[in-house]
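Okay, so here's the structure we're looking at.
The values are calculated or read from the model by the stated rules, or taken from the named source; none is laboratory data. Nothing here was measured: the structure is a model prediction, and the numbers come from that model. Every residue, glycine as well, gets a Cβ built from its backbone with ideal geometry; the counts of neighbours run over all protein chains shown. For the accessible areas, the whole protein counts, side chains as well, though only heavy atoms, and no ligand, DNA or RNA atoms are used. Shrake-Rupley method; radii C 1.70, N 1.55, O 1.52, S 1.80 Å.
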Amino acid sequence: MYAQSIRSTGKAVQSLEDMSAEDRQFQERINRGEKIEPKDYMPAAYRENLIRQIGQHAHSEIVGQLPEGNWISRAPTLERKANLLAKVQDEAGHGLYLYCAAETLGVSRDDLFGMLHTGKMKYSSIFNYPTLTWADMGAVGWLVDGAAIMNQVPLQNTSYGPYARAMVRICKEESFHQRQGFHIMIAMAKNGNDEQHRMAQDALNRFWYPSLMMFGPSDKDSVHSAQSMAWKIKMNTNDELRQKFVDATVPQAEFLGLSIPDDHLNWNEKTNQYNYSEPDWNEFNDVLAGNGPCNTERLDARKKAWSDGAWVREGMMAHAAKKAERKAERQAV
Amino acid sequence: MSQVDSHLIEFLLRQGDNPLILGHRTSEWCGHAPALEEDIALANTALDLIGQTQLWLSYAAEVEGGGRSNNDLAFLRDVYDFRNVLMVEVPNEDFARTMVRQFLFDAFQVPWLTTLQASSDQRVSDIAIKSLKEALYHLERSSDTVIALGDGTELSNDRMQTALNYLWPYSGEFFGEDDTDKAMEKRDIAPLPVSIRETWNSTVSSTLDTANLIAPSDPFAHSGGRTGVRHTEHLGHLLATMQTLQRSHPGAQW
Amino acid sequence: MTTTTDEWPLWEVFIRGQHGMSHRHVGSLHAADAEHAIKNARDVYTRRNEGTSIWVVEASAITASSPSEKGPLFEPAQDKVYRHPTFYDLPDDAGNM
């Protein structure tokens, strides 16, 4: 899902026989389930793909702070305010871990920020949707974090060591996020008044299809999965994860007394899973192309934070340099 | 308690409203700070402050004895019932003002909470002991930041000096004194704020010296926040945002 | 002194918990200098737990082996079974170790 917009090389996956000796050894290590570490040999394309994927994942965390951050100042109780703030803070932490993992591949965090700000690198499409009511804090936690967990749990076994370890840490901290969201939904949809119930349904209506889009295009249209899966930087196909998400979420919606906005949703006895309608892929492409409801606001907010903060980052560095200089002078005396 | 202890309530609201409003302001940074590490640190500070708010306002609500909760106090009072100092309600403006304010506030909180540890009121003492641990770390971090950015570049020094000039007239209010303060002193619940002024002065002047920042000489001090007599216009906007759900959906549970 | 637009350097963070035996690598972060890195580590990696000891090392000061070169550096130790905890049979009543 964090590879939603990674372009394919268009080439088929090379067979072991066609690979160079080094590449073959590399692929065999991956096949054996070994972890690739920063100083190990890796094909240039593996490195590039990983930088893009981890970078986009990191960007998604910090841009993902914005839609929920939008409600910190309006949280309805002190407990909710603290929980939401702690959650959005975790997202900053997850971004930090992931940038560090990407940095082990030889790219700097500032460079990655630069690529985000110039639009060279993307972030998950979901964060370009607005959060309009408090129920959206429930829906984002329940659906968006729910979808993210589907993706992140298998990534703990990804082939690149630093990425896998970052994911272990993230998954551990993530465990309370989805619960937090669901808890808000229970308070509003199940225990709340009519208007709160309406807000909860409205949030589900708006976030259902964008959540399904998080898993990326349908497998039949997803040309670049094969190589990533061979490299174990993608662990499941888009449709596999999407199906798993639908199957897990529908009963939760029933529990909440909310209806999934899909007339074609039904249980398939043969496959033992739900049939569901695909999201509008034209809308998905629009959002990826920069025309989602909040693309401009999200990117502007990140750019503003970065440029407003420049004097702070420079000031801290200048002070550190002066301090080191003064220390050296004292020692010279 | 047969008679409402209005002085103690007033005192507890002052204790609770400062971290409530400053915590709210600090939380506004989440997702917008100059670096990820600072973003996370600011959120920690805000979380501490919200936690302190819950303790003080819970106690205030208990003493009040009217069945209100700490959330009722935070989300259902209007401007004239708030008792925070004016300094914490002015907008963040930039990282400079945010950090200078945090520092001036922490430099007050540390000696203040230190003396409150010995309060004759056990609950006040307990809350002070817990809050002081957090305040000590806040002061360490905010004074380091003030020093770094005051010393850093010409630009960073200028931003910090501008912030200090703006905030300075709001710092005198920490040391206000009225019947509530006198009542608290008489009952050994809290000393007069002015009793820690020397400590505050020395922390502030030594830090500003190291930071190459100059405290304005004009002794004028704004007041009206901790008494609730006259807040700034900013508080109303802050409350309009903060209280929107509780106000527009009376009685709803969230 | 000239101003710099350089990125804050990268630091590796090692933490020993209150009852821990040794410092353990927990991750990395960016900071202007060592003191700043310690504070950032406290905020990012300990969430201010008391009683933790923090080490920070500038990442550029670390020399790392290449894990996949599983040559002489690693193999001999594999033979020395006495280095592995399972080599030592402990009586049950000795408790966990």
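Once the Cα atoms are used to define both axes, helix B:95-116 deviates from the longest principal axis of chain B by about 50 degrees. All Cα-Cα separations within region A:216-333 were binned at 5 Å from zero, giving a P(r) of 2, 8, 10, 11, 11, 12, 10, 7, 6, 6, 5, 5, 4, 2, 1, 1, 0, each value a whole percent of the pairs. For region A:99-148, heavy-atom accessible area (probe 1.4 Å) falls by no less than 40 Å² from the chain alone to the full protein assembly at A:C100, A:E103, A:R109, A:D110.
Count neighbours as other Cβ atoms within 10 Å of each site's Cβ, and list the trypsin sites (Lys or Arg not before Pro) in region A:259-333 that are DSSP loop with at most 15 such neighbours. Working shown, then result.
Numbers: sites: A:K270, A:R298, A:R302, A:K303, A:K304, A:R313, A:K322, A:K323, A:R326, A:K327, A:R330; in loops: A:K270.
Passing both the DSSP loop test and the Cβ count: A:K270.
Each listed q (0.11, 0.13, 0.16 Å⁻¹) maps to a log10 I(q)/I(0) for region B:121-254, found by the Debye formula over equal Cα scatterers with no solvent: -0.61, -0.84, -1.13.
Of the cross-linked pairs A:K39/A:K220; A:K120/A:K232; A:K232/C:K39; A:K87/B:K130; A:K327/B:K133; A:K81/A:K120, which ones have a Cα-Cα span greater than 27 Å in the structure shown? Provide the component values of the computation, followed by the final result.
Numbers: A:K39/A:K220 36 Å; A:K120/A:K232 24 Å; A:K232/C:K39 36 Å; A:K87/B:K130 23 Å; A:K327/B:K133 31 Å; A:K81/A:K120 34 Å.
Checking Cα-Cα distances, A:K39/A:K220; A:K232/C:K39; A:K327/B:K133; A:K81/A:K120 exceed 27 Å.
Of the residues A:Q252, A:Q14, A:Q156, the one that moves most in a GNM of chain A with alpha-carbon contacts below 10 Å is A:Q14. By the Cα gyration tensor, the protein assembly as shown has an equivalent ellipsoid whose semi-axes, rounded to whole angstrom, run 46, 34, 24 from largest to smallest.
Highest GNM mean-square fluctuation, chain A, Cα pairs closer than 10 Å: which of A:M316, A:M121, A:M229? Most flexible of the set in this elastic network: A:M316.
The helix-based estimate of mean residue ellipticity at 222 nm for the protein assembly as shown, built from -39,500 (n - 2.57) per DSSP H run of four or more residues and divided by its residue count, is -18000 deg cm²/dmol to the nearest 500. Extension gain, B:S69 to B:D158, is 27.6 nm, computed as 0.36 nm per intervening residue step minus the present C-alpha separation.
Karplus-derived 3J(HN,Hα) values for region B:137-154, using 6.51 cos²θ - 1.76 cosθ + 1.60 with θ = phi - 60°, are 5, 4, 5, 4, 6, 5, 5, 4, 5, 4, 5, 4, 7, x, 7, x, 10, 4 Hz; glycine and proline are entered as x. Per residue, the solvent-accessible area of the protein assembly as shown (1.4 Å probe, heavy atoms of protein chains only, all protein chains present) comes to 44 Å². Nonpolar atom fraction for the protein assembly as shown, defined as the carbon and sulfur part of the 1.4 Å probe accessible area, stands at 51 percent.
Once B binds A, the 1.4 Å probe can no longer reach about 4000 Å² of accessible area, counting both sides.
For region B:224-229, putting each phi into the Karplus relation 6.51 cos²θ - 1.76 cosθ + 1.60 with θ = phi - 60° gives couplings of x, x, 6, 9, x, 5 Hz, in residue order, rounded to whole numbers and with x for Gly and Pro.
Karplus-based coupling profile of region B:85-92, in residue order and whole Hz: 5, 4, 3, 6, 8, 5, x, 4, with θ = phi - 60° in 6.51 cos²θ - 1.76 cosθ + 1.60 and x standing for Gly or Pro. Take the accessible area of chain A alone and of chain C alone, subtract that of the pair, and you get about 2200 Å² summed over both chains, using a 1.4 Å probe.
Taken over region A:63-206, the percentage of Cα pairs per 5 Å bin, counting from 0 up to the bin with the maximum distance, is 2, 10, 17, 21, 18, 14, 9, 5, 3, 1, 0. The long axis of helix B:197-210 is offset from the longest Cα principal axis of chain B by roughly 30 degrees. In region A:310-327, the residues whose accessible area drops by at least 30 square angstrom when the other protein chains are added to the isolated chain are A:W311, A:V312, A:R313, A:E314, A:G315, A:M316, A:M317, A:A318, A:H319, A:A320, A:K322, A:K323; the probe is 1.4 Å and only protein heavy atoms count.
If a/c stays under 1.5 just call it rounded; otherwise compare a/b with b/c (prolate if a/b is bigger, oblate if not). Do that for chain A, with a ≥ b ≥ c from the square roots of the Cα gyration tensor eigenvalues. It comes out oblate by the Cα gyration axes. Annotation for the C:B interface, with buried accessible surface near 1200 Å², both sides summed [1.4 Å probe; non-protein components not counted]. Model label sites at A:N285 and A:A310, defined 7 Å from Cα along the beta-carbon direction, differ in position by 3.7 nm.
Computed from Cα positions, the angle between helix B:233-242 and the longest principal axis of chain B comes to roughly 70 degrees. Rounded to 0.05, the FRET efficiency of the A:K327 and A:K220 pair, given R0 = 56 Å and the Cβ-Cβ distance, is 0.35.
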